[in-house]
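Asker: Please find one structure pasted underneath; my questions will follow.
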Amino acid sequence: MPLPNPPAAEPNTGLPSAAQMEEDFAMAAESSSEEEEDIVMAEAGEVQGVVKDTRPAAEPLAVQTVKDEDMGVEIKQETRVEIKQEAKPEVKLEDLFAGMDSDDEDFITVVKEEPIDTKDTSIEILRIYYQRFFPWRYMFQWLNHSPVPTNDFKHREFSLWLHNDAVMRYQSYTTSDLLRKDVLRLMPRRIEIGPVYTADPRDRKTFRNSTAFVPMAKELCFDIDLTDYDDIRTCCDKANICNKCWKFTTMAIKVLDTALRDDFGYNHILWVYSGRRGVHAWVCDKKARALNDHQRKALASYFEVVTGKQGGKRVNIRRPLHPHLSRSIDILKDHFQEDVLETQDPWQTTEKADALLQQIPSLQLREALRKKWESSPGRASVSKWADIDALAQTDASAGLDPKDLLDAKQDIVLEHTYPRLDIAVSQKLNHLLKSPFVIHPGTGRVCVPIDRNDLDGFDPLDVPTLQGLVEEIDAWTETDGATAALAAVEMSEGGGARSSQDVKHMQDWEKTSLKPYIEHFRSFVTALMKDEREATVKREREEDDDVEIKVESIDF
Amino acid sequence: MNRIDIKKRNVDHRKKQFAGPAYKETQYPHRLNFYATPPTADITLEQFEQWAINRLRVLAELEACSFRNKTPAETALHMKPLLDKYLPLDATSSNSSELHLQRQRDHYSHFILRLAFASTEDLRRRFARVETMLFRLRFQTDDSRERAAFVSGLNLDWEPVSDAEKRELAPQLATTIGFGYGKRAQQVLDEDWCKVDWTRVPDLVEARKVYVKAGKAYVPGREQQSMVLNAYTKRLAQALELTARALPRLDEDDRLAPILDHLSKNFVAPDASYTGSGAAIEGAEITARNMDNLSQHFPMCMTHLHRSLRRDAHLKHFGRLQYTLFLKGIGLNLEECLVFWRSGFSKITDDTFNKEYRYNVRHVYGDVGGDSNRRSGGYSPYSCQKILTEHAPGPGDAHGCPYRHFSLENLTTLLRASGVGDRAVLQGVKEDKDSQKFHMACNRVFEHLHKTEMKRAKEEGVMTAAQLETIVHPNEYFKRSYLLKNMDGGKSQKEKGDVKMEG
């Protein structure tokens, strides 16, 4: 840890004023609380090299500012030097003033509140998470689509939700390191990702005409929230979820994923658990990112089937069924039988059964069913569903067009299984969405990506939590790692020399249950970057023959 | 070869500096035109102006049709005589000797109006909208074979779907043209499918009216019209944007600029008589003092503003704006207008009035403000369209269109207070309001209030049928009402007593 240079403060001359002295005392008081933080920092620094990397860069700035602020206070010289030594993470102070300049209206916070209460253990744990587990590198590559920082990243809006409930919008960073540094400084409890703008979001106020600063690109996003399923969920409601109702999400993902791939030809779709009761989809294909609001709205509406008021008939679709819907029904059929009829038993109560009857097209059939169900209370939904067909065969429903009944049944299946989207998220280019790998503040769960090939294996109640990760890393020992690494070496055909390096550079997340999720994310990002690069290369090749140099510069 | 190619060609400027560009005579193989290439041949200044005015007449009428919520069929019927008169365009098959001239006029007038209407965002949008309406009208009336030839010549980047692919996708495609369960392969094969990026037809995708596969939408022939129209609107909007940028470099100060300026002004207010002082009605005493009396000729929107002003001795911003412009439109001059507002705002001091309101009134009249404001004489009176669509009134506001922005109860109260008690009329107004035909409601009330005079006017032939057409401007309402009620001085004086304002 580099110490600040005491002589650097010497040029300070002049008379101390009472106010300035007070300020100094305040700072001294602050520094004492900072001490604890230091210790944690130091520990962290020992465990991981990465932490050290950022320190030196930040340090001189901090010194500079402290000096500037205290210009003319000589009496306090000693104290101040002490502050500087202790206040290694004092980066805050400097950035704090920088922040005040640029974000006066979007970022409303009281200066005195700014130094985070270091006694708050939850924030300390969060700091460890951001320092040691958060996959900065892959996040950067994911948003940047290339190893070298491009405008895709530089002009991207980040929005940070601080602990004092302030939201800093329009933050942007030229490199992944700066983003990391800012996050560690502010310790946001939530990071949201916005669109790529035509210019750097931080400069947005310098543009006079409104067309110079407009959102240009963003992943196409979808949001599925289980609260929207409350009228057909019998196991949980509101923010609660269990494995039973999680199935609704699973089938929604299947339908959406298939349609986005087959119908719209998108390939890079990242599904992310939102931490509590839903999932987000990030469609990252270049073509999807470039969609305008009109097209986004059209696409979102394409997936809007369960509309209408709650309580009434909620599915109104044209016949013949659009190919997308008939395929969706094929996908959903089995889920309807198992996950809805058997597991949820949606028509258990008389009211719910009545609502179902309302959708049966024939009056006679409806009455016959009602009579039958009234005579056997507690009849399971599976049987009720079967009753519809059984009774339709009898003469109770003479004159009923079998096609009408089929249509009605299809509507019912769709109502109970088809994805229910929060459409606002998908419609607007400039809608912000919570970043993957953020910790959900309510549950402490990490917003991990979901592998679409193992949807049924995903258990939302079993994803890594912040607390769990810290415990895991504490429990991890060198020997475990060595064994694991050794195993890895045996598995791969890599040489021995490389393997020893690997052991040294083993990332913290690799030592925890976060590993499969980050690996999944990494492979997703790699595939995306590969596609992106090929597209670029192809374009270059079309433009001129001088491709080689370009390719090299991208592919270092 | 067109102008763009000429510019792009790499010529040695020393050799070519004074060489005139060699333009090829423009050919018009199709009746319809996407107006991709600007005209290059010479025309006289008279032609320049006349052709543009003729087209403008058609466009203004088209816009009026949309204001009146006419159905496409009604519009087509209404426009036919006008189109035949001002902008005839015969099919290629007609073998008319006028064919080339007609198409040339169409071509030139379009580009002249582009110049005239490229200057502001508002004008550009309106121009693009009405031009699209005109295009749609012509597209629909075009001979189907010629239309197909035109569309194929557009090079819209459509990929036709091969028969093999049609057959393969028949079950899916069938559903989008209404054949579901039977999978009627023949219909699918007969239909003219084309394949485009789905992003080109978001509306069709949104409504699930097309089959989408791997990012391509399969559009059946009948939906292709909307795609052509979209393409037309989009290209026109882009072209207008470019024109707007080129406009300042148009070195045409005294020859074309006045004509263009004049044209665009006419378009701002479709009825030319409301752009300036020319609106004043001869013999009418348009003064601040006489306003209470004149207000009997006001349409409901202005009546309501007038009463609110008298009741509260105040009006909020948009109310003042709408009312001031109307008063300006009926010929109240600035001095009188200031007197009117000063006396209207009776509860405030002179000082407050001068500080807070005086400037706005003067600005509206073009007495103060930026160069362009003063040169153009301030703002134009609001048309019904503007009142209907812009700045919907909030609580405490008195502006807007009562037929649109009032609840039915309030509207009925207002109408009764203005002497409209007839049940049939009120019922008619209710129906018009329900079907969003606010103009119809307003005109219905007008006809009711002036039925005897209108009858007489028709009998005596004082006013032509054109003068008794649907009103789409509050000032037109006033003018017509005033003229009708004052066909001969004495009689109208008596009637004034009947519908006296309470203020």
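Asker: If you take the C-alpha gyration tensor of the stretch B:347-392, multiply each eigenvalue by 5 and take the square root, what semi-axes do you get, largest first, in whole Å? Walk me through the intermediate numbers first.
Answerer: Numbers: eigenvalues 108, 63, 9 Å².
So the three semi-axes of the stretch B:347-392 are 23, 18, 7 Å.
Asker: On average, how much area does the Cα convex hull of the stretch A:257-356 cover when viewed from any direction, in nm²?
Answerer: 8.5 nm²
Asker: Residues with amide H under 5 Å of A:ILE450's amide H, sequence separation 5 or more or different chain, H placed in the peptide plane at 1.01 Å from N; which?
Answerer: Correct list: A:TRP271, A:VAL272, A:TYR273.
Asker: Can you find, among B:HIS399, B:VAL361, B:VAL425, the residue sitting farthest towards the positive end of the charge dipole of the stretch B:355-452, where Lys and Arg contribute +1 and Asp and Glu -1 at Cβ?
Answerer: Toward the positive end, the furthest listed residue is B:VAL361.
Asker: Counting other C-beta atoms within 10 Å, which of B:CYS301, B:CYS442 has the fewest, and how do the rest follow? Kindly include the intermediate steps, with their values, before the conclusion.
Answerer: Working: B:CYS301 28, B:CYS442 25.
Least to most surrounded, the residues fall as B:CYS442, B:CYS301.
Asker: Could you work out, residue by residue across B:160-172, how many beta carbons of other chains sit within 10 Å of that residue's beta carbon, and then give the average as an integer?
Answerer: Per-residue shielding by partner chains comes out at 1.
Asker: So for the stretch A:115-269, Kirkwood radius off the Cα pairs, Stokes-Einstein at 4 °C and 1.567 mPa s: how many µm² s⁻¹?
Answerer: For the chosen part, D equals 70 µm²/s.
Asker: For the stretch B:153-224, how big is Rg over Rh, using alpha carbon atoms and the Kirkwood form of Rh?
Answerer: That ratio equals 0.94.
Asker: Can you give me the P(r) profile for the stretch A:245-297? Cα pairs, bins 10 angstrom wide beginning at 0, each as a whole percent.
Answerer: Histogramming the stretch A:245-297 at 10 Å steps yields 23, 50, 25, 2 percent.
Asker: Using modelled backbone amide H atoms (1.01 Å from N, in-plane), which distant-in-sequence or interchain residues come within less than 5 Å of A:VAL214's amide H?
Answerer: Hits under the 5 Å cutoff: A:THR198, A:ALA199.
Asker: Based on other C-beta atoms within 10 Å, arrange A:TRP385, B:TRP198 from fewest to most. Mind dumping the intermediate values first?
Answerer: Values: A:TRP385 20, B:TRP198 27.
Starting with the residue having the fewest Cβ neighbours, the order is A:TRP385, B:TRP198.
Asker: For peptide A:264-272, how many partner chain Cβ atoms fall within 10 Å of a residue's Cβ, on average?
Answerer: Whole-number average of other-chain Cβ neighbours for A:264-272 is 2.
Asker: Please list, in chain and number order, the residues 5+ apart from A:TYR170 or on another chain whose amide H is under 5 Å from its amide H, with Hs placed from the backbone.
Answerer: Here A:PHE158 satisfy the definition.
Asker: Another one. Rounded, prolate or oblate, given the Cα gyration tensor of the stretch B:272-498, with a/c below 1.5 counting as rounded?
Answerer: prolate
Asker: Which of the peptides B:375-384, B:227-236 is most tightly packed, and how do the rest follow, judged by the mean count of other Cβ atoms within 10 Å per residue?
Answerer: Final packing ranking: B:375-384, B:227-236.
Asker: For the stretch B:93-144, how big is the tail of P(r) above 16 Å, as a whole percent of Cα pairs? Display every interim value, and only then the final one.
Answerer: Numbers: 716 of 1326 pairs.
Every Cα pair in the stretch B:93-144 considered, those over 16 Å come to 54 percent.
Asker: How long are the three semi-axes of the equivalent ellipsoid of the stretch A:323-417, in whole Å, if each is the root of 5 times an eigenvalue of the C-alpha gyration tensor, listed from largest down?
Answerer: Details: eigenvalues 88, 63, 20 Å².
The answer is 21, 18, 10 Å, longest axis first.
Asker: So, one more: Take peptide B:196-203, look around each residue's Cβ out to 10 angstrom, count Cβ atoms belonging to other protein chains, and average those counts.
Answerer: Working: counts 0, 3, 9, 10, 1, 2, 11, 4.
If you average over the peptide's residues, the count of other-chain Cβ atoms is 5.
Asker: Follow-up question, since we're still on this one. Report, to two decimal places, the Cα Rg of the stretch A:196-329 normalised by 2.2 N^0.38 Å (N = number of residues).
Answerer: 1.27
Asker: Hey, another quick one. Determine, for each peptide in B:154-160, A:329-335, B:477-483, the mean count of other beta carbons within 10 angstrom over its residues, then list the peptides with the highest first.
Answerer: B:477-483, A:329-335, B:154-160
Asker: Beyond 26 Å, how much of the Cα-Cα pair distribution for the stretch B:356-490 remains, as a whole percent?
Answerer: That tail contains 37 percent of the Cα-Cα pairs.
Asker: For each of B:LYS328, A:LYS511, B:LYS455, A:LYS181, count neighbouring Cβ atoms within 10 Å of the residue's Cβ, then give the residues from fewest to most.
Answerer: Values: B:LYS328 26, A:LYS511 20, B:LYS455 10, A:LYS181 17.
If I rank by nearby Cβ atoms, fewest first, I get B:LYS455, A:LYS181, A:LYS511, B:LYS328.
Every read-out reported here was derived from the displayed coordinates using simple, explicitly stated rules and does not represent laboratory data. Everything numeric in this text was worked out from a predicted model, so none of it was measured. Note: ideal-geometry Cβ built from the backbone for every residue, glycine included; neighbour counts use all protein chains shown.
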